[in-house]
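Working notes for the structure below.
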Amino acid sequence: MIEVKNIKKGFGDKLVINDVSAVMDDGKCNLIIGSSGSGKTVFMKCLVGLFRPDAGQILYNGEDFTAMSEEQRKEVRKEIGMLFQGSALFDSLTVEQNIQFPLNMFTDWSPAEKRKRVNEVLERVELKDANKKFPSEISGGMKKRVGIARAVVLNPKYLFCDEPNSGLDPQTSLVIDKLIKELTVEYKITTVINTHDMNSVMEIGDKIIYMYKGEKEWEGNNKEIIFSKNQRLNEFIFASEFLRDAKDMRMLEQAGKIDNNRNMDDLIK
Ligand SMILES: Nc1ncnc2c1ncn2[C@@H]1O[C@H](COP(=O)(O)OP(=O)(O)OP(=O)(O)O)[C@@H](O)[C@H]1O
Ligand SMILES: [Mg+2]
C-alpha cells in the first residue's frame, strides 16, 4: 500500500500538485485520470522519487519515502517497476537485453540465473519469439510488452505505468490493460496507472482518482464513475454530447423511467 498525504509540488511560482492525498491499494489497479496538464505525470514522478515534493508525505508500507536517506530510498526503488510513456527502451539493445538490464543493475545473479528469469518474463508477456529483435523491429504494442516485462523482471511490489496505451489501437490497448491487470492480481502488486483512456477506466479501474488542475477532484471505482454527479468529472468523461445523452438515458433507464431500447434508437438516429 502507498499512502500519499497532502503532497504539494510546484515549479517556480507555479503550483502543479496542490495538497493531494490518496491511498493506492495492494493487488489493485489504481488509475489516475485527468486532462492534459492536470499533473498526472508530476504526481507519478513524486511517487517514484524522480521529483521531491515541496510538502507532504509518501508512505511505502508505512515508511515515509520523502524523509528517507538516499540509501533507504534506493532500497524502495528496487521494489518499484516503471513503464514509461513511449516505453523508453534502449534502441541499441535487443528485447532480451532490455529486459535483463535491471537484473544487471540491481542483482549479482549468475548469467544463467538472469537468462532463466528473462525467459520466464518473456514467456509471461508472450514475446518469446521476439527475444533477439531490436526495438526498431517490433510494433508499438510489442514495445509496451517489453516495457512491462522490464518493469516486472525484478518482481516489484509497486508498478507505475504512465499512459500505457498511448499510441495503441483500442484492441491492442485492451491486451496491454489485461496484461497489467493480470500481473497486478497474480503478484499482488500495487499498480498505479496514468491514463486518458476511458476503456481502461472501465476495464481495469479498481480505484480511480480524477485530477483537476493539480487537485484531487473525485475518487471512486469504475462502477461509481458512470453515476457520479461531479460536474467536472462528467465533463471530462462524457466529453461528447452523444456520450452525455447516452449517460442521461442510462440513468433514466436505471430509474425505470424509460424503455432503453427505444430511446437509444432515437439517440442514434
Ligand atoms: N520539469 C518541469 N518544470 C516545470 N513545469 C513542469 C515540469 N514538469 C511538468 N510541468 C508542468 O506541470 C503541469 C502538469 O504537467 P504533467 O506533465 O504532470 O501533466 P499531465 O497530467 O501528465 O499531462 P498529459 O496528460 O499531457 O501527460 C504542466 O503545466 C507542466 O507544464
Ligand atoms: Mg503525463
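Summary table below
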{"item": "Subset of the range 184-196 that is surrounded by 23 or more Cβ atoms within 10 Å (Cβ to Cβ) and of a type outside the set (S, T, N, Q) - its residue that is farthest from ligand 1 (Cβ to nearest atom)", "result": "I189"}
{"item": "Residues located in the range 36-73, provided they are surrounded by fewer than 16 Cβ atoms within 10 Å (Cβ to Cβ) and within 15 Å of ligand 1 (Cβ to nearest atom)", "result": "S36, G37, L50, R52, D54"}
{"item": "Lone unmet requirement of (1) within 16 Å of ligand 2 (Cβ to nearest atom); (2) hydroxyl-bearing (S, T, Y); (3) not in a loop (DSSP other than H, G, I, E, B) for T66", "result": "(1)"}
{"item": "Enumeration of residues in the range 25-62 that are touching a strand residue (DSSP E or B) at 6+ places or on another chain (Cβ under 7 Å) and part of a loop (DSSP other than H, G, I, E, B)", "result": "D25, D26, K28, G34, S38, G39, F51, P53, D54"}
{"item": "Options N155, N199; residue that is touching a Pro at 6+ places or on another chain (Cβ under 9 Å) and surrounded by fewer than 17 Cβ atoms within 10 Å (Cβ to Cβ)", "result": "N199"}
{"item": "Count - residues of the range 174-224 that are among the polar types (S, T, N, Q), in a helix (DSSP H, G or I) and over 22 Å from G86 (Cα atoms)", "result": "0"}
{"item": "Residue ID - nearest to the chain's Cα centre (by Cα), chosen from residues in the range 176-197 that are within 16 Å of ligand 2 (Cβ to nearest atom) and of a type in the set (A, V, I, L, M)", "result": "I193"}
{"item": "Among the candidates V76, V121, residue that is within 19 Å of the chain's Cα centre (by Cα) and among the hydrophobic types (A, V, I, L, M, F, W, C)", "result": "V76"}
{"item": "Candidates F51, F43, filtered to the one that is among the aromatic types (F, W, Y) and over 26 Å from K188 (Cβ atoms)", "result": "F51"}
{"item": "Hits in the range 15-45 - residues which are more than 12 Å from the chain's Cα centre (by Cα) and more than 16 Å from ligand 2 (Cβ to nearest atom)", "result": "L15, N18, D19, S21, A22, V23, D25, D26, G27"}
{"item": "Residue that is nearest to N199 (Cα to Cα), among those in the range 6-16 that are near ligand 1 (Cβ under 8 Å from one of its atoms) and in a strand (DSSP E or B)", "result": "V16"}
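Per-residue answers, yes or no, for (1) within 16 Å of ligand 1 (Cβ to nearest atom); (2) hydroxyl-bearing (S, T, Y); (3) more than 22 Å from S21 (Cα to Cα); (4) modelled with pLDDT of 90 or more:
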{"position": "G167", "(1), (2), (3), (4)": "yes, no, yes, no"}
{"position": "V175", "(1), (2), (3), (4)": "no, no, yes, no"}
{"position": "S240", "(1), (2), (3), (4)": "no, yes, yes, no"}
{"position": "D245", "(1), (2), (3), (4)": "no, no, yes, no"}
{"position": "Q254", "(1), (2), (3), (4)": "no, no, yes, no"}
{"position": "N263", "(1), (2), (3), (4)": "no, no, yes, no"}
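Results for (1) among the charged types (D, E, K, R); (2) touching a strand residue (DSSP E or B) at 6+ places or on another chain (Cβ under 6 Å); (3) crowded, with 16+ Cβ neighbours inside 10 Å; (4) in contact (Cβ under 8 Å) with a residue 24 or more places away in the chain, shown as yes or no for each residue.
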site: E75; (1), (2), (3), (4): yes, no, no, no
site: L83; (1), (2), (3), (4): no, yes, yes, yes
site: Q97; (1), (2), (3), (4): no, no, yes, no
site: P102; (1), (2), (3), (4): no, no, yes, yes
site: F106; (1), (2), (3), (4): no, no, no, yes
site: S110; (1), (2), (3), (4): no, no, no, no
site: D129; (1), (2), (3), (4): yes, no, no, no
site: S136; (1), (2), (3), (4): no, no, no, yes
site: G141; (1), (2), (3), (4): no, no, yes, yes
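The values are calculated or read from the model by the stated rules, or taken from the named source; none is laboratory data. From a predicted model like this one, the values you see are computed outputs, not experimental measurements. Ideal geometry is used to build each Cβ from the backbone, glycine not excepted, and the neighbour counts take in all protein chains shown.
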